[in-house]
Amino acid sequence: MGEANEIKSWVKVILKNENLEDLTVDIVGNSENGDGYVGDIVFVDVAAVTKERTKKDYHLVLKRAKRSTALRKKFPVKESFLNEIHVYNTVFPSFLKFEQERGVEEPFDKVPKCYGTFITENMEVIALENLKMNGYTLWDRKKPLTRAHIDMVVKEYGQFHAISIAMKAQQPETFQKLLQNFEGAFVKILESAGIVSASESQVGEIYDLLKDDLDKSILSKWKNLQHTVRPFFKKFIQGLEGLQVIVHGDCWSNNFMYQQTNDVPSRVAMIDWQATSLTSPIIDLSYFLFATLSKEDMHDLDAILKSYHNSFTEHLKKLKVDPEGVYPFEVFLEDWKKYSKFGIIITSMIHKYSLSEKDEAPDMARAAEDGQDISDTFRIPIRDIAGFKKRMHYIVKYVADHDLI
């Protein structure tokens, strides 16, 4: 079966509940190198006729897992996709129903519509609406986000995280069922992909890059971080203490799309939910903020954290939960001190991806098939060393000055 016919067969299965009789499928584009590491994106337009002879058009993004047997043996590709399928098929609809039952006027819906999924032994496909058709665009991943983008996302995270707390309190059995089908994909990625050793190497590389540009006291703290990477990830894998929510998990710039005019956002959509799990909300916050903040906004991080906490607290009230004592701001800040190290460590690698050119992006499938260690794909050399150095300079200085490492 050729690719076009295969894709059409997936679409027929995925849209089986749309009451369609005839449909034609046009492949209108594919993802570029660097857009997906364990999956590929296919853009398709579907022209269909319902059984009542009504014409319907669909603009879909088919997110399909890579089939490489070598990659699937070395990296939890299937688990990552099954995790995301569970989030779209079960978690989001359950959250939305829960909010609607409580009369929330603006529920959390900042995700693309999922039309359906398709699973075989060596293939997983998720069909999502093509957000570009509704005016959504990616931000240039090489640039820090504007403060307006930052404020918008942290407020949405506050709302999203609050739903877990309210559902856990009011519908504990329902919430527990949502957790049962998580694949633990992120933990499996950490354990199988060599991210821990790659992170240790990256921290050391940044130390060498900045050793002539920062005070010895700052460099000493950063150097010490290299020795705490492994124990921290061990603690993360075992489960962090404190407040637990369902998190987004993969929070770099490319996993957000915006409706925006002249770089001013009016709405955000969060994509890529493969690393979703139950853990501290600080995982999302620290990953997102250290991946996207400019030097100027880094110095106003206290206000950004307060904005998140206000959003979280206000949404709890809308969900009929008394926020008093649930997650006091002081406790939240203590967790930030303890767990923001996650975002600091992860984004020390992520900034290389953000600043890389298309031809520098790693090909995980090819690396696996060539017998390379998957961890090597997290140690990519890039040409924009000056940009990477500039970015890491203000991050390292900030986290050292604020005793986050």
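The values are calculated or read from the model by the stated rules, or taken from the named source; none is laboratory data. Predicted model, so just to flag it, every value in this text is computed and none were measured. Positions of Cβ are backbone-derived with ideal geometry, glycine not excepted, and every protein chain shown enters the neighbour counts.
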Residue satisfying all of: in segment 7-25; charged (D, E, K, R) and exposed (fewer than 12 other Cβ atoms within 10 Å of the Cβ); modelled with the highest pLDDT among these: Lys16
From Gln170, Gln202, residue being surrounded by 18 or more Cβ atoms within 10 Å (Cβ to Cβ), more than 20 Å from the chain's Cα centre (by Cα) and not β-branched (Val, Ile, Thr): Gln202
Flag if Ala365 is at pLDDT below 85 and within 19 Å of Asp140 (Cβ to Cβ): no
Residues satisfying the stated conditions in segment 226-243, i.e. within 24 Å of Leu82 (Cα to Cα) and in contact (Cβ under 8 Å) with a residue 40 or more places away in the chain: Phe233, Phe236, Ile237, Gly239, Leu240
Unique match (being over 28 Å from Lys143 (Cβ atoms), touching a residue at least 60 places away in the same chain (Cβ under 8 Å) and under 14 Å from the mean Cα position of the chain (by Cα)) among Ile282, Ile246: Ile246
Helices (runs of 4 or more DSSP H) wholly inside segment 298-360 containing at least 1 residues that are touching a Leu at 6+ places or on another chain (Cβ under 8 Å), surrounded by fewer than 21 Cβ atoms within 10 Å (Cβ to Cβ) and of a type outside the set (Gly, Ala, Ser): 301-318, 329-339
Filter pass, Asp263 being surrounded by fewer than 19 Cβ atoms within 10 Å (Cβ to Cβ), touching a Ser or Thr at 6+ places or on another chain (Cβ under 9 Å) and touching a residue at least 40 places away in the same chain (Cβ under 8 Å): yes
Close pairs (9 angstrom Cβ cut-off, 6 or more residues apart or separate chains): closer than 16 Å to Tyr207 by Cβ in segment 376-395, assigned to a helix (DSSP H, G or I) and among the acidic types (Asp, Glu) anywhere: Arg379/Glu205
Qualifying residue in segment 368-388 (condition: closer than 16 Å to Trp252 by Cβ, touching a Ser or Thr at 6+ places or on another chain (Cβ under 9 Å), among the aliphatic types (A, V, I, L, M) and not in a loop (DSSP other than H, G, I, E, B)): no
Unmet requirement for Val28, which otherwise passes all of (1) more than 23 Å from Val77 (Cα to Cα); (2) surrounded by 13 or more Cβ atoms within 10 Å (Cβ to Cβ): (2)
Positions within segment 111-133 being over 13 Å from Ile271 (Cβ atoms) and either in contact (Cβ under 8 Å) with a residue 12 or more places away in the chain or in contact with a Leu (Cβ under 9 Å, 6 or more places away or on another chain) (or both), in sequence order: Tyr115, Gly116, Thr117, Phe118, Ile119, Asn122, Met123, Glu124, Val125, Ala127, Met133
Residue, modelled with the lowest pLDDT, within segment 27-42, restricted to residues that are in a loop (DSSP other than H, G, I, E, B) and farther than 13 Å from Lys358 by Cβ: Tyr37
Within segment 290-309, tally of residues that are of a type in the set (Lys, Arg) and either in contact with a Pro (Cβ under 7 Å, 6 or more places away or on another chain) or farther than 18 Å from Tyr339 by Cβ (or both): 1
Lys188 being within 21 Å of Glu334 (Cβ to Cβ) and in a helix (DSSP H, G or I): no
Qualifying residue in segment 68-78 (condition: out of contact with any Leu (no Cβ under 7 Å at 6 or more places or on another chain), in a strand (DSSP E or B) and under 30 Å from Ala365 (Cα atoms)): no
Only listed residue being modelled with pLDDT of 95 or more and either out of contact with any strand residue (DSSP E or B) (no Cβ under 8 Å at 6 or more places or on another chain) or of a type in the set (Lys, Arg) (or both), chosen from Leu145, Leu71: Leu145
